[in-house]
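Read through the structure below, which is laid out as structure tokens, and then see the notes.
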């Protein structure tokens, strides 16, 4: 990837997260460049979702430094006066059932911006068109299929937010976006992840166990196990490295350095 004149979108510098005596992250370093798409992989319980919670501003490190757009993050997202543009797409679409699609997609604009009703409606329509769902603004989530609800959650992630500083690129976080989907549905969502990242003009972090999602939606992969990043590199290298952690993950082998926690 060509070096960017902009600061990294996200940086973790010797970050630790501890829950009592349990260490979830043990001094990890990570840098996400503008426009980069990163996949965080590893076995269940390795701490992948903790990475997302850190980047989303829902959790602070126990030790170490975290920066978003070059600014150290010392407060939880709701405690910040000017939080960074971070957009989280949950495994579940997480739509508000009592609000229309228009109100769900434009939720933050209705609450935080000074845009007129017409301007918000225009931005909502553009976001829905981008995910192939024009003309459903006044429907309720319960009137949509599961796949349509997921696409609405993507539209919510790409809607243009004029309250953000000029030139600040959004950070999109995807938590197991294709879990439980059939292969065809996976392909549609994987393409949508790439298109969403491009439309928003930002960087993305995808947590996934699904190999097709990792390969299709990421430029770079990091493998997390037992609190440490055991491997990181371009997605093409992920397919060919002989790193034992990656080999075990790729082949779903029971033999290797990653062992299930005792029940």
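The values are calculated or read from the model by the stated rules, or taken from the named source; none is laboratory data. Just so we're clear, the structure is a prediction, and the values are computed from it rather than from any experiment. Because the Cβ atoms are built from the backbone with ideal geometry, glycine has one as well, and the counts that use them run over all protein chains shown.
Numbers for the structure displayed
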item: Number of positions in the stretch 46-64 that are surrounded by 15 or more Cβ atoms within 10 Å (Cβ to Cβ), assigned to a loop (DSSP other than H, G, I, E, B) and over 14 Å from the mean Cα position of the chain (by Cα); result: 5
item: Residue within the stretch 190-211 that is at pLDDT 90 or above, over 24 Å from residue 13 (Cβ atoms) and either surrounded by fewer than 18 Cβ atoms within 10 Å (Cβ to Cβ) or more than 16 Å from the chain's Cα centre (by Cα) (or both) present; result: yes
item: In the stretch 78-91, the residues that are surrounded by fewer than 18 Cβ atoms within 10 Å (Cβ to Cβ) and either more than 19 Å from the chain's Cα centre (by Cα) or outside any loop (DSSP other than H, G, I, E, B) (or both); result: 78, 79, 80, 81, 82
item: Selection status of residue 67, farther than 16 Å from residue 157 by Cβ, exposed (fewer than 12 other Cβ atoms within 10 Å of the Cβ) and under 21 Å from the mean Cα position of the chain (by Cα); result: no
item: Residue in the stretch 57-65 that is within 30 Å of residue 254 (Cβ to Cβ) and modelled with pLDDT under 95 present; result: no
item: Subset of the stretch 36-45 [touching a strand residue (DSSP E or B) at 6+ places or on another chain (Cβ under 6 Å) and not in a strand (DSSP E or B)]; result: 36, 42
item: Subset of the stretch 188-238 (residues that are part of a strand (DSSP E or B) and under 18 Å from residue 87 (Cβ atoms)); result: 203, 204, 205, 206, 207
